[in-house]
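Worksheet: the structure to be examined is printed underneath.
The values are calculated or read from the model by the stated rules, or taken from the named source; none is laboratory data. This is a predicted model, so every value here is computed, not measured. So basically every Cβ, Gly included, is an ideal-geometry build from the backbone, and we count neighbours across all protein chains shown. Note: areas computed on protein heavy atoms with side chains; ligands, DNA, RNA excluded. Shrake-Rupley method; radii C 1.70, N 1.55, O 1.52, S 1.80 Å.
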Amino acid sequence: MPKISPHLLDKYLRNECTEQENELVEAWYASLSGQPDYLDSLPKPAQHQLQDETFRHIQHELQAVEKPLHSTLPWGWIIGLAASVALVLGLYFSTRYVANENRSLTEAAPSVGQLPRKKPADLIHFVNQKPRLVKHQLPDNSTVWMHSGAAITYPRKFDRDKRLVTFSGEGFFDVKKNPAQPFFIQSGEMRIKVLGTSFNVKAPASHAVFRISVVTGRVQVSAPDQQQNEQQVILKPQQQATFETASRRLTSSPIPVQYKKQIYEPVTVVFENTPLDEVARQLEKRFDIQVRFSNPKIATCLVNADFEQQPLPLIMEMLCTALEATYTLSGNVLTLDGLPCD
């Protein structure tokens, strides 16, 4: 077990550690549960939640003692407390996570019956850990453009009569049409049913409001109210559903008319020997984004491209491939990085 000083724990609680110190402290807590790679066995969202709640609890306990961390507080007492907290919370989160995943992937709408229980080896869990949009392909060739931090879980092979995934975060789904095999998405208590369509799901676990915006096709959204009665709305193109997690209120409304499109909405744009800084201005005019250059010298690179009815993620993917560049997306700020063109 790595040795951790009170001073280092104090820095961690104050969020003043270096990346290496963070890893050291987290490895120490993982080892206290008796399983050195325990944290690594959990998905990233579960790891972060476990770490955050563990340290909030420890900080509360330390304050309750009414002694500063640098005083003569017995270090053995801190280790005992930390071990107990890490073990209890670790069991709680690992049990809750596995239970949630199994429940989500074994329960669908009453009208579609019960899904067979899936073994962990039969499930795929993917989290976008990159600071940009990532395109993820599902077993039926449906795709989802996932924002940073978004997570999805699904069977390696869908059932013949239904397709079910669990999802959290924000992502744009393009679902392959197959009426004989309806597609279901479970996000917390909200359930989405589609036959073949494209739509955006914004359902980060930490947010108070989940939102689904339809681009093409039709989507059925359902969620329980406070009395556990099912609410249901049907969405058509340019409509959205909003689910408030606190009040459990599910509503639908038209997507507000905007001068600029959301990044998942397709546009047609043509560039002929266009400098990259002008390309950036054109994209800013069409999409609700701000474009920045981490290396201003790439702004003079010339672009020749014809994008017909393409969303921003696909446009950026092709631009970056052509320019051998990369990009990050934080909120609505898109930052391009690459080497100057010859």
Inset, instruction - Under 7 Å between Cβ atoms, at least 6 apart or on separate chains: pull out the pairs that start in region 128-139 with a residue that is of a type in the set (S, T, N, Q) and end on any residue that is in a loop (DSSP other than H, G, I, E, B). - result: Asn128/His147; Asn128/Ser148; Asn128/Gly149; Asn128/Ala150
Legend entry - Yes/no for Asp306 being touching a strand residue (DSSP E or B) at 6+ places or on another chain (Cβ under 6 Å) and farther than 26 Å from His147 by Cβ: yes
Inset, instruction - Filter region 168-197 down to the residues that are free of Cβ contacts under 8 Å to residues at least 40 places away in the same chain, open to solvent by less than 10 Å² (accessible area, probe 1.4 Å) and within 18 Å of the chain's Cα centre (by Cα), then identify the one that is nearest to Gln309 (Cα to Cα). - result: Phe173
Legend entry - Failed criterion for Glu284 (all others in (1) acidic (Asp, Glu); (2) outside any strand (DSSP E or B); (3) open to solvent by 70 Å² or more (accessible area, probe 1.4 Å) hold): (3)
Inset, instruction - Scan region 323-337 for residues that are of a type outside the set (Asp, Glu) and out of contact with any strand residue (DSSP E or B) (no Cβ under 7 Å at 6 or more places or on another chain) and report the count. - result: 4
Legend entry - Residue count for region 309-325, restricted to those that are touching a residue at least 12 places away in the same chain (Cβ under 8 Å), over 16 Å from Ile289 (Cβ atoms) and open to solvent by 70 Å² or more (accessible area, probe 1.4 Å): 4
Legend entry - Candidate set from region 201-212 (those that are open to solvent by less than 10 Å² (accessible area, probe 1.4 Å) and modelled with pLDDT of 85 or more); member that is nearest to Gly169 (Cα to Cα): Val201
Inset, instruction - For region 221-243, enumerate the residues that are touching a residue at least 24 places away in the same chain (Cβ under 8 Å) and loosely packed, with under 14 Cβ neighbours inside 10 Å. - result: Asp225
Legend entry - region 146-167 - residue that is more than 21 Å from Lys135 (Cβ to Cβ) and of a type in the set (Lys, Arg) and, of those, nearest to the chain's Cα centre (by Cα): Lys162
Legend entry - Which listed residue, of Val303, Val291, is of a type in the set (A, V, I, L, M), part of a strand (DSSP E or B) and farther than 22 Å from Asn128 by Cβ: Val303
Inset, instruction - Return yes when Asp122 is farther than 30 Å from Ser330 by Cβ, more than 18 Å from the chain's Cα centre (by Cα) and modelled with pLDDT of 85 or more and no when it is not. - result: no
Legend entry - region 249-277 residues that are surrounded by fewer than 12 Cβ atoms within 10 Å (Cβ to Cβ), paired with ones that are charged (D, E, K, R) (beta carbon under 8 Å, 6 or more apart): Gln258/Asp288; Thr268/Glu308; Val270/Asp306
Legend entry - Filtered residues of region 191-227 (kept if touching a Ser or Thr at 6+ places or on another chain (Cβ under 6 Å), farther than 16 Å from Gln181 by Cβ and assigned to a loop (DSSP other than H, G, I, E, B)): Ala205, Ala208
